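**Student:** Here it is, the structure, as structure tokens.
The values are calculated or read from the model by the stated rules, or taken from the named source; none is laboratory data. Note that the structure is a prediction, hence the values are computed from the model and not measured. Note that we place each Cβ from the backbone using ideal geometry, even for glycine, and neighbour counts take in every protein chain shown. What goes into the accessible areas is simple: the full protein's heavy atoms, side chains included, and nothing from ligands, DNA or RNA. Shrake-Rupley method; radii C 1.70, N 1.55, O 1.52, S 1.80 Å.
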Amino acid sequence: VQLQASGGGLVQAGDSVRLSCVASGSVSRLTAAAWHRQAPGKQRELVARISRGGNTDYADSMEGRFVISRDNAKSTIYLQINNLKPEDTAVYYCNVAIGTVSYWGQGTQVTVSS
């Protein structure tokens with residue numbers, strides 16, 4: 001299984017971005033998925049999770065501006081981030097569970113300038 005994250009880049013504060021994570025390989029049993037992020041000098045933290053059926057769960061500090069979604073037919077997980085702030089600058093990682101195994105993507109950098 002491979003995960004390819006994309007959609008990051010250099011953006012302005014107030015902009016929106018949509019990150020994508022495409023899973024390839026043996027993904028027929030893809031269940032839960034999540035986005036995490038790691039800011040410079042900080043630990044990786046959960047942003048949001050989504051079940052195969054589409055139930056979502058957000059970290060307390062991420063409610064409101066972040067929207068996680070998925071397209072099971074395309075084996076793709078999305079993260080929409082609205083009204084970006086400089087403190088959102090981080091590498092964003094997707095994470096999926098297939099059976100009992102967890103897989104991580106390589107991350108996509110989001111840099112927000114003020």
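**Student:** Exactly one of (1) among the hydrophobic types (A, V, I, L, M, F, W, C); (2) open to solvent by 70 Å² or more (accessible area, probe 1.4 Å); (3) part of a loop (DSSP other than H, G, I, E, B) is unmet by L84. Its number?
**Tutor:** (2)
**Student:** Still on this model: Of the residues that make up region 53-63, is at least one closer than 18 Å to S102 by Cβ and under 9 Å from the mean Cα position of the chain (by Cα)?
**Tutor:** no
**Student:** Next question, about the same structure. Is it the case, given these coordinates, that T89 is over 16 Å from Q4 (Cα atoms) and either at pLDDT below 95 or touching a strand residue (DSSP E or B) at 6+ places or on another chain (Cβ under 9 Å) (or both)?
**Tutor:** Yes.
**Student:** In the set I81, I50, which member is touching a Phe, Trp or Tyr at 6+ places or on another chain (Cβ under 7 Å) and at negative phi?
**Tutor:** After applying the criteria, what remains is I81.
**Student:** Now, a different point. Which residue pairs have Cβ atoms closer than 7 Å, lie 6 or more positions apart in sequence or on different chains, and pair a first residue in region 30-41 that is modelled with pLDDT of 95 or more with a second residue that is open to solvent by less than 50 Å² (accessible area, probe 1.4 Å) and not in a strand (DSSP E or B)?
**Tutor:** Close Cβ pairs (under 7 Å, with a partner that is open to solvent by less than 50 Å² (accessible area, probe 1.4 Å) and not in a strand (DSSP E or B)) amount to A39/T89.
**Student:** Tell me which residues, restricted to region 1-53, are closer than 15 Å to R70 by Cα, in a strand (DSSP E or B) and open to solvent by 90 Å² or more (accessible area, probe 1.4 Å).
**Tutor:** Q4, R18, R49
**Student:** Of the conditions (1) in contact (Cβ under 8 Å) with a residue 40 or more places away in the chain; (2) closer than 19 Å to V112 by Cβ; (3) out of contact with any Lys or Arg (no Cβ under 9 Å at 6 or more places or on another chain), K74 fails just one. Which one is it?
**Tutor:** Among (1) in contact (Cβ under 8 Å) with a residue 40 or more places away in the chain; (2) closer than 19 Å to V112 by Cβ; (3) out of contact with any Lys or Arg (no Cβ under 9 Å at 6 or more places or on another chain), the lone unmet condition for K74 is (2).
**Student:** Shifting gears a bit: For residues that are hydrophobic (A, V, I, L, M, F, W, C) and modelled with pLDDT of 90 or more, scanning just region 61-81, find the one that is most open to solvent (accessible area, probe 1.4 Å).
**Tutor:** Per the stated criteria, the residue is V67.
**Student:** For region 87-111, enumerate the residues that are open to solvent by 60 Å² or more (accessible area, probe 1.4 Å) and in a helix (DSSP H, G or I).
**Tutor:** The one that is open to solvent by 60 Å² or more (accessible area, probe 1.4 Å) and in a helix (DSSP H, G or I): E87.
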